[in-house]
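Here is the structure we will look at.
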Amino acid sequence: MVARLLAQLCRWDGLIGEVVLTHNLPAEAVPVPPGGWPFRFIEVFNSAPAGFGANHNHAFARSSSEFFCVLNPDIELNDPAIWEQLVQQGREPRVGCAYPVLLNPDGSRQDNEREAVSPLALLRRHLLKRAQCRVDWVSAAFWLVRASAWREVGGFDERYFMYCEDTDFCLRLQMAGWKLAKAQATAVHDASWSSRQLGAHLLWHLRSMMRLWTQPTLRRYLSGRFHGA
């Protein structure tokens, strides 16, 4: 997946300034393509696995660009207008995070736009099968984030090892006066949905949800939304 994604990024010669690839597990260095990389390419080899948020915070700390992109390796960039549309949205006033429409491999639309993950929202969604009321956060499988907004809110909360760090970030971003904006472009996300299976991912997901529910961010956000802030 990483090799395929890098090959796709190479097609946007001159548009992408820097790519940071973090190897969270032991891995060989990625071979340099014929003619070299069309962007500054940095590989980070972790001595021990770090969390999703920590890896991205460390990667973005070394960047000085106007925008950062959070990009999962299981993303396929099949829309030639993807970067133009994302940057156009990202430069709108007070937009802190722009994102595309994500599709499943079969072409159906993926639910990367979601309501705040409260117990009540989960009850409405999974047991009552009701549609979501609004978009409070967006899956971090593919984001374009304004660097100044990222730094203002302090990036990801590294206490989340995996899962819910994107929810927490989106809520804090909006409480700081920034907006989420959907671009009129698509990308395919071949998600594995590991958190829905028994194992470490499910445990990480449950731990992260408990942290989200017991920390003040979600309560403050919901209180503000319900009172028209």
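The values are calculated or read from the model by the stated rules, or taken from the named source; none is laboratory data. From a predicted model like this one, the values you see are computed outputs, not experimental measurements. Ideal geometry is used to build each Cβ from the backbone, glycine not excepted, and the neighbour counts take in all protein chains shown.
Computed quantities for the displayed model
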{"read-out": "Unique match (being surrounded by fewer than 18 Cβ atoms within 10 Å (Cβ to Cβ) and touching a residue at least 60 places away in the same chain (Cβ under 8 Å)) among D13, D79, D74", "value": "D74"}
{"read-out": "Every pair of residues 6+ apart whose Cβ atoms lie under 6 Å, when the first sits in the stretch 36-53 and is within 15 Å of L5 (Cα to Cα) while the second is of a type in the set (F, W, Y)", "value": "none"}
{"read-out": "Check on P49, more than 19 Å from the chain's Cα centre (by Cα), of a type outside the set (G, A, S) and outside any helix (DSSP H, G or I)", "value": "no"}
{"read-out": "Answer from S208, S195 - the residue that is at pLDDT below 90, within 19 Å of I75 (Cα to Cα), assigned to a helix (DSSP H, G or I) and under 19 Å from the mean Cα position of the chain (by Cα)", "value": "S195"}
{"read-out": "Test: F142 is at pLDDT below 80 and either crowded, with 20+ Cβ neighbours inside 10 Å or closer than 30 Å to Q89 by Cα (or both)", "value": "no"}
{"read-out": "Odd one out for H126 among (1) at pLDDT below 90; (2) surrounded by fewer than 17 Cβ atoms within 10 Å (Cβ to Cβ); (3) under 20 Å from F52 (Cβ atoms); (4) of a type outside the set (S, T, Y)", "value": "(3)"}
{"read-out": "Residue match in the stretch 45-54 (condition: modelled with pLDDT of 95 or more, out of contact with any helix residue (DSSP H, G or I) (no Cβ under 8 Å at 6 or more places or on another chain) and among the aromatic types (F, W, Y))", "value": "yes"}
{"read-out": "Test for N112: is it modelled with pLDDT under 95, buried (at least 21 other Cβ atoms within 10 Å of the Cβ) and of a type outside the set (D, E)", "value": "yes"}
